[in-house]
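The next block holds one structure in the form of structure tokens; read it before the comments.
The values are calculated or read from the model by the stated rules, or taken from the named source; none is laboratory data. Since the structure is predicted, the reported quantities are computational estimates derived from the model, not experimental observations. Counting neighbours? That spans all protein chains shown, and the Cβs are built from the backbone with ideal geometry, glycine included.
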Amino acid sequence: MNKIVPLIIVSLVFSACPRPPKDQDLSWKQVTLSRLLARADAGEIMYGHQDDLVYGHSWKVTDWKTDSLDRSDVKDVSGKYPAIVGFDLGGIEFGDSENLDGVPFDLMRKAALKHIARGGQVTFSWHPRNPLTGGDAWDISSAEVVSSILEGGELHEKFLGWLDKAADFLNSLNGAAVIFRPWHENIGSWFWWGGKLCTAEQYKALYRLTKSRLEEKGVRNLIWCYSPNGPISAEEYLSRYPGDDVVDILGTDIYEYVGNGTLEEAGERYVAQVKEMLSIVETISKEKYKLMCLSETGLEGLVDPNWWTGRLYPAIEGFPICYVLTWRNAHDKPEHFYAPWKGFPHEEDFKEFSEKKDIVLL
Ligand code: BMA
């Protein structure tokens, strides 16, 4: 029987249930996977926004204990929360109390659980520091980092300690199933785990070590996403794919960059690249019976007034992606935002996008 059929049945049974089913022989992870599949099968795309509930353009949650976490730039504009919210674990490996963007991990946990209780989905990325140099995730000064943390490397034990810190946080989510997307954008060479910084075999070993160590520490609630940067070829996409047994969702991160050309050229290039990349991922996902998503995207500063309806929507329309996530609205860098906020001059374009019949918000 087609492997997808049992998942559809499961999803029909549990589609109205925002909590893990009690007394059922199904894990929360399986239920969540089936819900994601049901979305994709119905041609629905969940809209997501990074850090949406913890800060926005020129505001942030200051007292996480008392804040009701009702504010959202996306909701301020569209009347609805994003269906999926992303958070980043960068800093957890050091036992920091806040992540690399100043979000307290206690707040992150509270926001993630609140969003799930509202019926939403949550995804975690991770920009850990460089374990060899002490620099940040973007420190690519050494090509020995990945080899040094794998089994047999001099930093292996230290790195296991980092994974254990991540495991502690992920284990504190009360078993809620969340999408985990470590070691992303791995074909480019801007992170210490990037294409020119380790061999394909080392990369795969890193991904697999991450999964096996977290599982050893009791983490069972993760839906694993593999998300290379695009645009790349199918061969490149698969060159560092860590294995069907450790990946649940196939993603890709693609942004629009204006550069030296015109906005028109940048927009057309972006749509073409996203379509091409999603076609590649769709073919692979069908071969592998995997879900797919556009794990990160955006146009910094939304300098195109019709970006949502004129660029993003035409790029993703019709693809069986379960979600698309745009990056964060930094509260402390006025130009660094990827979603509109109340008062943003072109907010109507986002509202129109959010009301498309196949775009899902919460
Ligand atoms: C990048 C930027 C940085 C941020 C990092 C991790 O794309 O937004 O400012 O620190 O993501 O969230």
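For this structure, a couple of remarks:
- As a summary of the residue check, residue 86 satisfies the conditions (1) touching a residue at least 24 places away in the same chain (Cβ under 8 Å); (2) assigned to a loop (DSSP other than H, G, I, E, B) except for the one numbered (2).
- In the range 267-278, the residues that are under 24 Å from residue 86 (Cα atoms) and surrounded by fewer than 22 Cβ atoms within 10 Å (Cβ to Cβ): 271, 273, 275
- Residue match in the range 256-267 (condition: under 19 Å from the mean Cα position of the chain (by Cα), not basic (Lys, Arg) and not in a helix (DSSP H, G or I)): yes
- First in the range 277-306 and under 30 Å from residue 332 (Cα atoms) and assigned to a loop (DSSP other than H, G, I, E, B), second anywhere and basic (Lys, Arg) and at pLDDT 95 or above, Cβ under 9 Å, 6 or more apart: 299/311; 304/311
- Test set (1) within 16 Å of the ligand (Cβ to nearest atom); (2) surrounded by fewer than 16 Cβ atoms within 10 Å (Cβ to Cβ); (3) not charged (D, E, K, R) - residue 199 fails condition number: (1)
- Scan of the range 92-114 for residues that are more than 10 Å from the ligand (Cβ to nearest atom) and assigned to a loop (DSSP other than H, G, I, E, B), ordered by number: 95, 96, 97
- Residues of the range 144-155 that are surrounded by 15 or more Cβ atoms within 10 Å (Cβ to Cβ), in a loop (DSSP other than H, G, I, E, B) and in contact (Cβ under 8 Å) with a residue 40 or more places away in the chain: 150 alone.
- Residue list for the range 336-348, restricted to those being out of contact with any helix residue (DSSP H, G or I) (no Cβ under 6 Å at 6 or more places or on another chain), surrounded by 15 or more Cβ atoms within 10 Å (Cβ to Cβ) and among the small types (Gly, Ala, Ser): none
- Matching residues, the range 117-143, being buried (at least 21 other Cβ atoms within 10 Å of the Cβ) and within 15 Å of residue 54 (Cβ to Cβ): 120, 122, 123, 124, 125
- For the range 120-143, the set of residues classified as among the β-branched types (Val, Ile, Thr) and assigned to a loop (DSSP other than H, G, I, E, B) consists of 133, 140, listed by residue number.
- Hey, residue 157 modelled with pLDDT of 95 or more and more than 23 Å from residue 296 (Cα to Cα) or not: yes
- Flag if residue 297 is touching a helix residue (DSSP H, G or I) at 6+ places or on another chain (Cβ under 8 Å), β-branched (Val, Ile, Thr) and within 16 Å of the ligand (Cβ to nearest atom): yes
- If you go through the range 300-329 and keep only what is in contact with a Gly (Cβ under 9 Å, 6 or more places away or on another chain), surrounded by fewer than 22 Cβ atoms within 10 Å (Cβ to Cβ) and more than 19 Å from residue 45 (Cβ to Cβ), you end up with just 304.
- Search result, residues across the range 140-160 that are over 17 Å from residue 211 (Cβ atoms) and not acidic (Asp, Glu): 140, 141, 142, 143, 145, 147, 148, 152, 153, 155, 158
- Residue 178 modelled with pLDDT of 95 or more, out of contact with any Gly (no Cβ under 8 Å at 6 or more places or on another chain), buried (at least 16 other Cβ atoms within 10 Å of the Cβ) and closer than 17 Å to residue 227 by Cα: yes
- Where residue 47 falls short, out of the listed (1) part of a loop (DSSP other than H, G, I, E, B); (2) away from the ligand (no atom under 14 Å from the Cβ); (3) of a type in the set (Phe, Trp, Tyr): (1)
- Just one residue in the set 5, 74, 85 is modelled with pLDDT under 95 and on the phi < 0 side of the Ramachandran plot; that residue is 5.
- Residue in the range 214-229 that is in contact with a Cys (Cβ under 8 Å, 6 or more places away or on another chain), touching a residue at least 40 places away in the same chain (Cβ under 8 Å) and not in a loop (DSSP other than H, G, I, E, B) present: yes
- Verdict on residue 333 being away from the ligand (no atom under 16 Å from the Cβ), at pLDDT 95 or above, surrounded by fewer than 16 Cβ atoms within 10 Å (Cβ to Cβ) and over 19 Å from the mean Cα position of the chain (by Cα): no
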